[in-house]
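Please treat every number below as a calculation from the coordinates, not as lab data. Everything numeric in this text was worked out from a predicted model, so none of it was measured. Reconstructed Cβ throughout: ideal geometry from the backbone, glycine too, with neighbour counts over all protein chains shown.
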Amino acid sequence: MVEKIKTIKFSEYESADELPQADRELFCEAVEALKGSYAPYSSFNVGAAVRLSGGIMVRGANQENSAYPSGLCAERVAMFSAAARYPEQALEAIAIVASQNGKLQPAPSYPCGACLQVMAQYETKFGNKIHIIVGSGGSIQVFDGVASMMPFIFTDI
C-alpha cells in the first residue's frame, strides 16, 4: 500500500475590499443575485454570478420547489443561463455567496458536487480553469479551477 496526500491551494481574503477589482465586482454581482433567491423551505438564500470571456456577467439564485429535488442551485442557474444566452463565451469565473435571514453567512458556503461537476464540464468544453470565488460575511476564498475544490472530478466525456 502507498499512502498519498492531496493538498488544496487557495487564497483567503478578510473582506471583499481586499479582492482585485474584477473579483470584487463579480462578488458584488453575486450578492445582488441573492435578491432573486426563492427559498421558502430552507430560508437559505444563495446568489451566484459568472463572468464570461467577453466580460459579460450573468446572475443566478437558488430556486426551491415543494417537489424536492426539482429546485436548482444558484451556481447552475447562473451557468446554464449564461451558456444558453452566450454559448460561445467561455465561463472564466464564478462567485458564490449565501445568506440566511438577510445576513451573509459568517463562513463560506461551498458549491455542491453537482455544481462543481457542471463547472468541470465547462472547463473541459472551453479548455480553461474557472476562477472560483466563495464569499461570506467574513472571509472570501478564491480557488483556481474545479480540481482545487473537488480533486476527483468525472472527466471522461
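Annotations for the structure displayed:
- Fraction of the pair-distance distribution of the chain above 20 Å, Cα-Cα pairs, percent: 47 percent
- Listed by chain and number, the lysines whose C-alpha is less than 23 Å from the C-alpha of LYS35, apart from same-chain residues fewer than 8 away, are LYS103.
- Whole-Hz Karplus values for region 14-24 come out as 6, 7, 4, 4, 7, 5, x, 3, 4, 5, 4 Hz, taken residue by residue from phi with 6.51 cos²θ - 1.76 cosθ + 1.60 and θ = phi - 60°; glycine and proline positions read x.
- Among 128-140, 105-117, the peptide with the highest mean count of other Cβ atoms within 10 Å heads the list, and the full ranking is 128-140, 105-117.
- The alpha carbon centroids of region 18-86 and region 120-157 are separated by 15 Å.
- Average Cα contact separation per residue, the chain, under 8 Å, 6 or more apart, as relative contact order %: 23 percent
- Under 26 Å from LYS125, Cα to Cα: lysines that are on another chain or at least 8 residues apart: LYS6, LYS9
- Here's the picture: a label point sits 7 Å out from the Cα of SER66 along the beta-carbon direction, and within region 18-46 the residues with their amide nitrogen under 20 Å of it are 37-44.
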